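Scroll down for the structure; my scribbles are underneath it.
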Amino acid sequence: MPTYAYKARDSRGSIRTNTIEAESEHHVVQALRGEGLTVTEVRLAKSVIDVEEVQRRQAAKSVKREEVIAFSSQMSVMLETGVPISEALDAYMTQSRGGNLNRIVEVVADRIRSGVSFSAAIGEFPRVFPTLMVSLVRASEASGALGSMLGRISTYLSKDRRTLKQIRGALTYPIVMIGMALTVTMFLVTWVLPRFAKVYESRSAALPAPTRFLLNTSETILSNIPLIVTLIVASVVGSMLFRASNRGREFIDWCKLNIPIIGPIFRNFYLARASRTLGTLLAAGVSLPHAVRIVRGVTHNRVWWRMWDEMDRAMTTGHTIGEVVLASEIMAPSYAQMIAAGERTGRLPDVLQRVANVSEEDLDEQIKASTQMIEPIVITVMGAMIGGIAIALLMPVFSMGSMMSQ
């Protein structure tokens, strides 16, 4: 039986702290209430290793975002029809029939039965429920609109998931094609070329310059494989260390926003995510300073982080966020003007949602245009690399008659 540490107040208002063995937090609260104590905090004692708790933490790492979206949608429907939250959670666990998220929901339901709020319960699992969701749920609990808020959260997470899939799809194709081209090229240079070299060497023929260049390249690679492997490993390790450093992370984030073709995609993606997140938070009643800090956490780009930090400083010194976005170089002037106007007129949440919709439309068009542009470029590069090697190999064959007569 696990051991729990607790804090409670007695009838005189004095704080008591101690540990107690119980089956769950719910049983701890019941036992302490029986003693006339008001429980203020219950947690698993750090000195005790709870196997079930460890399993739940491991399960949290495997929960997919699609499961959280479905959970939010189902809970929204049940709560809006008047089902109490505890019964709604029990119904979800019955319908889901196991799974990693089911274990987490079981803990959440137990926390709620012990008197913990829904936002605090899901906040214990940041790997499963994002900070944005916890903040929105907390705001909706105060207004009594938890059901509709969970529906809004489901819609937000669905749109964010769709946008991420679009970005990954647009980037996956060229990466896969370039990888295939490099793989085929290495196969030709290290396996095919040496066999052609033996054939041409036996003929003692005067080879064309492109063929000689390829054969010399192949020979150099094969004779220096340990050195080349060492250089590749060192490059990979160096790249990982550079990426992990602050300067490297900032350089990569800057490249994401400024590389031709790819840059506009990431700019619209970050703008759409930031605008929709900030607008959703403000519409739910979250204060602007707190909302800006949350948005900073979901915008994984250090160049954008600087803008959020400037907003935070501006609000503490009596300035507006409109002044910051108007002076920012990463925000398009048209969007910056819309945000500044929305702040002046008191319609900032609505304006941010509109900016998010427009930037998402721009993102869709940019992805289509980039895909159409990248595809012929990748095909041309692959054709030039592989075709050039093939032509260089076959050039002596075209003049095989003259080679045989020598």
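A few notes on this one:
- Shape category assigned to region 284-357 from the gyration tensor of Cα positions, a/c cut at 1.5: rounded
- Contact order normalised by residue count of region 298-401, Cα under 8 Å, 6+ apart, percent: 12
- Taking ARG162, ARG273 and counting other C-beta atoms within 10 Å, the order from fewest to most: ARG162, ARG273
- For GLU21, distant residues with modelled amide H under 5 Å away: TYR4
- Compared with the dominant Cα axis of the chain, that is its longest principal axis, helix 51-62 is turned about 50°.
- Taking region 103-247 and dividing mean pair separation by its residue count, relative contact order in percent (alpha carbons under 8 Å, at least six apart): 11
- Helix-only [θ]222 nm of the chain, DSSP H runs n ≥ 4, -39500 (n - 2.57) each, per residue, nearest 500: -25000 deg cm²/dmol
- Cα-centred dipole magnitude for region 93-162, charges only on beta-carbon of K, R (+1) and D, E (-1), debye, nearest 20: 260
- Top positive-direction residue, dipole computed over the chain with Cβ charges, set HIS26, ASN224, THR190: ASN224
- Look at VAL292, VAL233 and count the other Cβ atoms within 10 Å of each Cβ; fewest to most, that gives VAL233, VAL292.
- Residue among SER62, PHE125, ILE252 farthest towards the positive dipole end of the chain, charges placed on Cβ: ILE252
- Based on C-alpha pairs under 8 angstrom that are at least 6 apart in sequence, the chain has a relative contact order of 14 percent.
- Applying D = kT/(6 pi eta Rh) to the chain, where Rh is the Kirkwood radius over alpha-carbon pairs, T corresponds to 25 °C and eta to 0.890 mPa s, the Stokes-Einstein value obtained is 92 µm²/s.
- Value of D in µm² per second that Stokes-Einstein yields for region 85-243, Kirkwood Rh from Cα pairs, at 4 °C (1.567 mPa s): 59
- Nearby aspartates and glutamates by direct alpha-carbon distance to LYS256 (threshold 19 angstrom, same-chain neighbours under 8 apart not counted): ASP160, GLU329, GLU360, ASP362, ASP364, GLU365
- As a rough guide to protection, the peptides 376-382, 307-313 ranked by mean Cβ packing within 10 Å, highest first, stand as 307-313, 376-382.
- Among PHE71, ALA356, ILE330 - extreme Cα towards positive end, dipole of the chain, charges at beta-carbon: ILE330
- The order of the peptides 214-221, 180-187 by mean Cβ neighbours within 10 Å, most packed first, is 214-221, 180-187.
A short reminder: the numbers here are calculations on the coordinates, not readings from a lab. Computed from a predicted structure; not experimentally measured. Cβ atoms come from the backbone with ideal geometry, glycine included; neighbour counts cover every protein chain shown.
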